[in-house]
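Enquirer: Could you have a look at this structure, given as structure tokens, before my questions?
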Amino acid sequence: MIELEIPSDLGAAQAAEEQILHAIEARGYRSEAAFAIRLSLEEAITNAIKHGNKGDRNKRLYLRYSVDDEKAVICVADEGSGFDPKGVPDPTAPGRLSMPNGRGIMLMRAYMDEVEYTGRGNEVRLVKKKN
Amino acid sequence: MPEAKSNLRITDEGNAKMVEFVDRKILDELTITQIGERLSELVASEPNPRLLLNFKNVEHLSSAALGMLITLDRQVKEKQGRLKLSNIRPQILEVFKITRLNRLFEIYESAEEAIQSY
């Protein structure tokens, strides 16, 4: 896997995202898969910067990825204390539809083939099959 | 002083103000915060804001952008205005459907249709 350690800020994250998306496109993944990966990666990185590292620019993000002809695997880790994704309420539940937050994990689950929290809950592993 | 690069194009369509997103991607928090602030100013400047957001250029949208739209919708409703969305590509419409926000927002296929419906 290719490993990237980057500062916990949006500019650095965008460059890393483009690097990963470039690898996806170079492998000939369909545009639907690229769309799904871009969206999920954005959600994972936003969560890591905002909730994991709590906006602290002195903290780091750790990205690992591999892209082959079968699947793309991307891991995003932060320096936070981790969390239990089961504790995140369903954003489509009655009364929650008009809440502005809390849809990132739902979108990752909808668009990825696998979404798994590992470590102490401070790393998310995303898998998208090529076909 | 040159104006800062704007990521919104705003036109008066008679029945409503139409806002076109210039960017293909509405993903990162910084861009979304800027867009949200500009749209909030627009809502604040109108007595009964009638706002149409035209998504024809938008190819990528994140959950943070959805959050911004929800907040904007609330601001518009507080002023007895109406917020409508149009020209959403199928791939983006899917994001609204997954999150069931297609039930919260008034979504039209074309800008013309949306403007006529005010």
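The values are calculated or read from the model by the stated rules, or taken from the named source; none is laboratory data. All figures in this text were calculated on a predicted structure; none of them were measured in a lab. Ideal geometry is used to build each Cβ from the backbone, glycine not excepted, and the neighbour counts take in all protein chains shown.
Enquirer: Starting from the range A:91-116, keep only residues that are more than 9 Å from every other protein chain (Cβ to nearest Cβ), then list their pairs with residues that are assigned to a strand (DSSP E or B) and loosely packed, with under 14 Cβ neighbours inside 10 Å whose Cβ atoms are within a distance under 6 Å, requiring at least 6 positions of separation or different chains.
Expert: Correct list of pairs: A:Asp113/A:Lys129.
Enquirer: Within the range A:82-98, identify whether any single residue is touching a strand residue (DSSP E or B) at 6+ places or on another chain (Cβ under 7 Å) and assigned to a helix (DSSP H, G or I), and answer yes or no.
Expert: Yes: the range A:82-98 contains one or more residues that are touching a strand residue (DSSP E or B) at 6+ places or on another chain (Cβ under 7 Å) and assigned to a helix (DSSP H, G or I).
Enquirer: Evaluate the range A:25-45: report whether one residue or more is of a type in the set (Ser, Thr, Tyr), under 30 Å from B:Leu104 (Cα atoms) and under 12 Å from the mean Cα position of the chain (by Cα).
Expert: yes
Enquirer: Residues in the range B:45-66 that are at the interface with chain A (Cβ under 8 Å from one of its Cβ atoms), out of contact with any Lys or Arg (no Cβ under 7 Å at 6 or more places or on another chain) and of a type in the set (S, T, N, Q): how many?
Expert: The number of residues fulfilling the criteria is 1.
Enquirer: Quick one: which helices (runs of 4 or more DSSP H) sit completely within the range B:1-112 and have at least 3 residues that are surrounded by 14 or more Cβ atoms within 10 Å (Cβ to Cβ) and at pLDDT below 95?
Expert: B:29-44
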